[in-house]
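Before any comments, here is the structure.
Values quoted throughout were computed directly from the atomic coordinates according to the rules given, and no laboratory measurement underlies them. All figures in this text were calculated on a predicted structure; none of them were measured in a lab. Don't worry about glycine lacking a Cβ; one is built from the backbone with ideal geometry, like all the others, and counts go over all protein chains shown.
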């Protein structure tokens, strides 16, 4: 996905019937019924929507009849994606809190509602911790964490006021596991998971839903553009090769988008995919110490 850059109970994003509660293929658990939103076409904002996971999510939402705003720091890319998918577009830098707030406000004024806020924009940063600079850390925090905070800060009050909505934050399997050689990325994704689960508990009283997406290695441009605008490292140069070495087969963005939409329709707290990712997550929960040992072995193998 490009860098800087809600729904009724048991109901799919465009109104199709979803599943129930409990643990399922997308991982996580269901929640209590939220107030039924007013009839009408659902509206969604997807940040980082010009490519990768974001674009695939936009495609799925549009296919289901939602009004989608493809938002991305790459304005031209967002416009191209929107034209192809029959959506609206917006150039958006998610590190700019005012710009995020302005977009949310404009969409709410134009459509009278905001059903879904997909805080999906992010960057990949890799390298050994001793070689990473504060620029690597600060840029990752600005995009991957503050970008989500800005989306939540703008969309959540709107959803509380209208009494419905769904915030979907993109984290990573790295936010559930001890993923080495990319500590700024790992740290921000753990933070997004924690933010999302805590907000989900708070938001229940207001009829607002919150989910967090934790994909394993997915075939996106992110793998080819690690450390964007930052000093390169051996890890960032070989990000795609390393991902294939760990997961063997990269997950497709279209399959992941389907998982995300199903998880949202079923109000999953955690949407973890693919199946290998769910196994890794469960292994960490079973034995964190063993998971750290496995991660250390993987780190040594990747460093040669």
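Data for the structure
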| quantity | calculated |
| --- | --- |
| Against the rule of thumb 2.2 N^0.38 Å, how large the Cα Rg of the range 31-188 comes out | 1.08 |
| Stokes-Einstein translational diffusion, the chain - Kirkwood Rh over all Cα pairs, 1.567 mPa s, 4 °C, in µm²/s | 68 µm²/s |
| Cα pair distances in the range 68-120, grouped into 10 Å bins until the bin that holds the longest one, percent each | 25, 57, 18 |
| Sequence ranges 109-118, 221-230, ranked by mean other-Cβ count within 10 angstrom, highest first | 109-118, 221-230 |
| Expected 222 nm ellipticity per residue - DSSP helices of 4 or more, -39500 (n - 2.57), all of the chain, to 500 | -14000 deg cm²/dmol |
| Highest average packing first - 180-188, 65-73, Cβ atoms within 10 Å | 65-73, 180-188 |
| Extension reserve of the residue 129-residue 202 stretch, reckoned as 0.36 nm per residue once the Cα distance is removed | 22.8 nm |
| Packing-based ranking, highest mean first, of 164-173, 288-297 given that Cβ atoms within 10 Å are counted | 164-173, 288-297 |
